[in-house]
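Visitor: First, the structure itself, so that you have it in front of you.
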Amino acid sequence: MTTLKLSKKPGDAPAMTAKKTPVRRNNALPRDRTTAPVKPQRTESVQTHEQRAPAAARQEPQRQRNHRHDGSLHDTASAPEKQPTPDSRAPAHRAMQVDARRNDSTSRDKADREGNYRNPPRRGGKARDGFVASEFDKNRSNKEAFANRANASQAEQPRLSKVMAERGLCSRREADEWIANGWVKVNGEIIETLGTRIDPDAEIIISSYAQEHQAENVTIILHKPVGYVSGQAEDGYEPAVVLIHPDNQWPDDPELHQHNPKQFHRGMLRGLAPAGRLDIDSTGMLVLTQDGRVARHLIGEDSTVEKEYLVRVTGELSDAGLKQLNFGLSLDGEKLKPAKVSWQNEDQLRFVLREGKKRQIRRMCEMVGLHVVGLKRIRIGSITLGKLPVGQWRYLRAEERF
């Protein structure tokens, strides 16, 4: 640490403590401060911008920068005189500009054909990035974002997945999966783009991998008891799918007595869904499947598969009421399809329907003065419930068809 010794004492005063006298300049014309200054009046008449611009251009010297971009000085002697230009805001000049653009030989239509004109940028398009107005405006199919969109000429062509489902090859969900995996050929070409539209009569070939994958799907016939819902759990009631486990498999299931019996595994429950509904207070045949073809065949919009029920009722049914049950009733504002309704015994009716609205049979019976006390489904298509006990299930055999 360095110590400085100061010779200056606190009591010492600086050598020059006298104040300097302010210096005032001599002004021969001092302003009279007793009166307010007079503001000079502008005597020049007001002129328009168009009138002033030429005069200013003639009187004022031409202004220019001191240096060029390369550092050299401007040559004022050889610089061309800048001609004054009329203001573009003037109405007359704007009209001249519009007429010039109209008469210009490089109009928009001609330039569009030549590819030289660039429209005001849309979606960030710029000429330096390869933007061409004619291509962007008239044909968007060359852009990657619009490449997979259907043209106007393809609007009436159906999607590949829809055609596959209509031909009974698979469900739409399975079709999308197969297309994504490259398992579908159309007219000899592998299609891997979802949403592709094809000709309705095109040749479709399915890969053996897709067929093997589809063969692994299972369809199960369950004798549903009362108290289980068909689909997802609701109001504390369990779904019927909880009954699908090895302990509930029917011991007389033909699949168990084959040379190579089908072994149950948890993968069979993946995607296993009911193909149709059966009310919680009803019993009988319920189909659960992983196969989209089966589900579409049973519950599709154009399905005509028959479903047979035995219905125990109370009340009086007239001949006119029986005719109404066969045909003539409407539910939810829609006329029901013709049904086959007949007496099975003294207190039981036999219903054969080709549709399945919510609680349809119970509502039909109420409309003719009957009350349903029991309902059991015994057949779907050509598959019957048979001797399958309540609460047990079996596989749909390979030779069986609904």
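Visitor: How long are the semi-axes of the equivalent ellipsoid of region 332-399, defined as square roots of 5 times the Cα gyration tensor eigenvalues? Whole Å, largest first.
Guide: Details: eigenvalues 132, 51, 27 Å².
Taking √(5λ) for each Cα gyration eigenvalue gives 26, 16, 12 Å.
Visitor: So what's Rg/Rh here for region 250-303, counting alpha carbon atoms and using the Kirkwood radius for Rh? Could you put the intermediate results ahead of the total?
Guide: Numbers: Rg = 13.9 Å, Rh = 13.4 Å.
Rounded to two decimals, Rg over Rh is 1.04.
Visitor: Can you work out ³J(HN,Hα) from phi for every residue in region 230-237, in order, using Karplus 6.51 cos²θ - 1.76 cosθ + 1.60 and θ = phi - 60°, giving whole Hz and x for Gly and Pro?
Guide: For region 230-237, the Karplus-derived couplings read 6, x, 6, 4, 8, 6, x, 8 Hz, x marking Gly and Pro.
Visitor: Between Phe327 and Arg350, what is the label-to-label distance in nm when each label sits 7 Å out along the Cα-to-Cβ direction?
Guide: A separation of 2.0 nm, rounded to one decimal place.
Visitor: Okay, moving on. Roughly how many percent of the accessible protein surface of region 165-251 is carbon and sulfur, given a 1.4 Å probe and a whole-percent answer?
Guide: Details: 2170 of 4890 Å².
Accessible surface attributable to carbon and sulfur in region 165-251 totals 44 percent.
Visitor: Hey, what's region 148-263 come to in accessible area per residue, 1.4 Å probe, Å²? It would help to have the intermediate numbers written out before the result.
Guide: Working: 7060 Å² over 116 residues.
Value returned for region 148-263: 61 Å² of accessible area per residue.
Visitor: What spacing in nm lies between the two simple spin-label points modelled at Gln258 and Glu234, each 7 Å away from Cα in the Cβ direction?
Guide: 3.5 nm
Visitor: Another question, then. Mind giving me the FRET efficiency for Leu194 and Thr314? R0 is 41 Å, r the Cβ-Cβ distance, nearest 0.05 is fine. All intermediate terms of the calculation are to be shown ahead of the outcome.
Guide: On the way: r = 54 Å, r/R0 = 1.32.
E between Leu194 and Thr314, to the nearest 0.05, is 0.15.
Visitor: Mark the label point 7 Å from the Cα of Arg172 along Cα→Cβ and return the residues of region 287-327 whose backbone N is within less than 18 Å of it.
Guide: Flagged as within label range: 291-304.
Visitor: Could you tell me which GluC sites (Glu not before Pro) in region 206-297 are loop residues by DSSP with no more than 11 other beta carbons within 10 angstrom of their beta carbon?
Guide: Values: sites: Glu212, Glu216, Glu234, Glu255; in loops: Glu216.
Those satisfying the criteria are Glu216.
Visitor: Okay, next question. Have a look at Val373, Gln392, Gly333 and report the one farthest towards the positive end of the charge dipole of region 292-402, computed about the Cα centre with Cβ charges (Lys/Arg +1, Asp/Glu -1).
Guide: Gln392
Visitor: Ordered by residue, what ³J(HN,Hα) values in Hz, to whole numbers, does region 379-396 give under the Karplus form 6.51 cos²θ - 1.76 cosθ + 1.60, where θ = phi - 60° and Gly and Pro are x?
Guide: 7, 10, x, 9, 9, 9, 5, x, 9, 5, x, 5, x, 10, 9, 8, 7, 6
The values are calculated or read from the model by the stated rules, or taken from the named source; none is laboratory data. These numbers were taken from a predicted model, which means no experiment stands behind them. With ideal geometry, Cβ positions are generated from the backbone for all residues, glycine too; neighbour counts draw on all protein chains shown. For accessibility, only protein heavy atoms count, side chains too; no ligands or nucleic acids. Shrake-Rupley method; radii C 1.70, N 1.55, O 1.52, S 1.80 Å.
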